[in-house]
Amino acid sequence: MPDKQSATTVEDMELVALARKGDMKAFESLVRRYRNDVYALCFYFTHSREDAWDLSQEVFIKAYRALGGFRGEAGFKTWLLRIAANQSKDHLKKRRLQTTPYEDAWRPPDTEAGQTPGEAAEAKEIGAAIEAAVSRLPAKHRTAFILREYEGLSYQEMAEVMHCSIGTVMSRLFHARRRLQHMLGPLELMENMQDV
Amino acid sequence: MFKRKKMMRIGARLDGETRYSGREIPETHDEKLKQYESALLLQRRGAARAARAPEISDTQFDAFMQGIREGVAEPAPRFAGLWTVASVATVTLIVIISLLAFFTGGPDPVRATEVESASTELQGVTVNYYDNPQGVSTVKVNMPENDLW
């Protein structure tokens, strides 16, 4: 696995070098490669497909203009995700979103094997409750939780995206999880989930 | 604090970050830690159900990329220049106000007026006052020597 990852990094750096010289095809390859990582992160913050689409485009435009400043200390993907996280947080600040339209965000999960429609509905309810609770977390804690649980980033990658130490990553993640525990506890959803 | 560190290590272990989870946490009888671990596992299962982000499909990609191309072609907003102008204007304003305050001298200094009268209701205490030739007023309070104060 590390070989594949380092190959990706080398390839990224080559594409970045070409894109810096104005090679739009090279930049397009980078966009194609990371579009869904960026789009997903923006979506988890905004819960809106349209906003995530626009934000993702802005992220890539910003990245293109800032390519000269990319030194390759962090991976290109984590660099992009850092821009995406900051862009999304700024967007939320501007819109002062307190609540989020879950109808837009939620895609009914497929009924898993051996799962009755009732169980699927309950799983959907739990998912929506967690989404709602996550959106109420402070920005730094929310970012940590999204990067870890939804984007599946390692602590090292999270530290690069959030521009902080591994210790801070662990602390933010801890606080995010504790807060979620407190928020979801009274709903008794977590207990129900054992059976789902 | 000690428990918090243990909880963070449990989190790291469940996240597959063995490098940061430290030594394997021994079997604990601490109910709170056990509850925390099972709550984390449940939370993860819940998050897995919530995490269904849409994707930009290959058929949508051209439209997506077109927006980026158009954005790149537009001139970048020059916020840096705007900030420079705003900073220079603020500094200039501060300097002008400072110079005005310095050269106009500000308000007249407060002066003590002469004492018109002085009295006390304390028994055995006397109050006198006098003005010296320079116009400074002095009030003198005399207390009896056997006073407990």
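Taken together, the values in this text are just the output of simple stated rules run on the coordinates, not laboratory data. Given the structure is predicted, the values throughout are model-derived calculations rather than measurements. All Cβ positions, glycine included, derive from the backbone under ideal geometry; neighbour counts span all protein chains shown.
Quick one: if the Förster radius is 56 Å, what FRET efficiency do residue B:98 and residue A:164 give, using the C-beta to C-beta distance and rounding to 0.05?
Working: r = 40 Å, r/R0 = 0.72.
E between residue B:98 and residue A:164, to the nearest 0.05, is 0.90.
Please rank B:140, A:77, fewest neighbouring Cβ atoms within 10 Å first, as an exposure proxy. Numbers along the way, then the final one.
Values: B:140 10, A:77 21.
Taking fewest neighbouring Cβ atoms as first place, the list is B:140, A:77.
Using a cut-off of 24 Å between alpha-carbon atoms, which lysines can reach residue B:34, once sequence neighbours fewer than 8 places away in the same chain are excluded?
B:3, B:5, B:6
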